[in-house]
1. Stretched out fully, how many nm does the piece from Ile297 to Leu99 gain, at 0.36 nm a residue minus the Cα gap?
2. In what sequence, highest mean first, do 165-174, 68-77, 179-188, 106-115 appear when ranked by Cβ atoms within 10 angstrom?
3. Among all helices in the chain defined by DSSP H, which have a length of 20 Å or more along the axis from Cα atoms plus a Kyte-Doolittle mean of at least 1.0?
4. Expressed as a whole number of Å, what is the distance separating the alpha-carbon centroids of segment 80-123 and segment 172-222?
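Since every read-out is calculated from the coordinates, none of them should be taken as a lab result. Values in this document were obtained by computation on a predicted structure and should not be read as measured data. No Cβ is skipped: glycine too gets one built from the backbone with ideal geometry, and neighbour counts run over all protein chains shown.
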Amino acid sequence: MQKQVNLKLTKRQLLWKEMKKNKHNYVLMAPYVILFLTFTIIPVFMSLGISFTYFNLLESPRFIGLDNYTKLLLEDDVFIIALKNTLILAVVTGPVSYLLAFVFAWLINELKPKLRAFMTLIFYAPSISGNAFLIWLLIFSGDVHGYANAILMNLGFIDNPILWLKNPDYMLFVIILVQLWLSLGVSFLAFIAGLQSVDKTLYEAGAIDGIRNRWQELWFITLPSMKPQLLFGAVMQITTSLAIAEVSMQLVGFPSIQYAGHTIVTHLIDYGSTRFDLGYASAIATLLFLIMMTTNIVVRSILRKVGE
């Protein structure tokens with residue numbers, strides 16, 4: 001027993017000594033850790049707690065147990081539509097935008113430095129453009145002056161204009177198209193940085209070891225060398241694809257006709273910012289958080305096998 005106590009004391013002393021040795025690093029990390037705890041970790045746990053209450057901002061939270069989750073999963077038909085739309089958007093835009101971001105980064109990385117910088121700006125600009133939705137509103141305008149309708153009518157594919165943003169049959173298609181166009185953002189830049197950081201001598205060593213073409217270089221050298229960037233890009237793309245809201249709200253309205261463009265996040269905004277039912281909104285946010293975490297774990301486990 002005395003030996004165990006002494007061993008614990010020794011470990012604590014070593015830990016304290018190590019912390020004192022690296023105290024400057026802890027001081028530098030402190031601002032980020034404080035902000036991360038204050039604006040990320042604590043709000044997540046607060047949201048989880050509020051999800052078990054009825055809270056409308058005017059009254060004190062009243063504990064109601066699992067009522068919000070029961071209503072959400074068994075009684076809220078709009079949430080089921082939002083869940084279906086979100087999963088469709090995530091399954092289509094997540095993997096496709098991830099692959100497009102990497103492919104374009106891989107191709108652009110082969111260019112000369114000045115041209116590479118210019119092309120990086122061209123591909124990244126849509127994700128930070130404030131007027132991006134205005135362009136697509138003009139393209140998919142529901143009258144004969146909309147570019148999509150004008151082109152299709154001139155080619156003889158349609159006789160009358162299509163109400164792209166009002167017809168539930170076309171809303172999800174338009175949202176997917178615009179989301180893919182906007183998806184070359186942070187992940188794209190991370191892939192560019194990852195490709196730039198690959199040790200060039202590895203390709204020479206690979207050629208000696210039997211690598212004969214660019215595809216083998218990509219699989220056995222490039223991808224394993226940029227696993228951190230691949231994981232970061234996957235997390236960002238998953239988060240973005242599951243949190244689509246602004247594209248839907250700007251293009252097809254809020255709420256959209258027959259909720260054809262409704263997503264989990266727009267449902268969350270509806271209850272949190274419009275109806276002020278924060279308990280119910282917190283339950284929606286908690287389920288979305290669980291979906292994101294589960295998807296991230298699955299994708300990370302798949303990416304760890306890259307290059308093996």
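1. Here the segment from Ile297 to Leu99 would lengthen by 69.4 nm.
2. Peptide ranking by packing, descending: 179-188, 165-174, 68-77, 106-115.
3. 77-108, 168-182, 278-303
4. When both Cα centres are located, 11 Å separates them.
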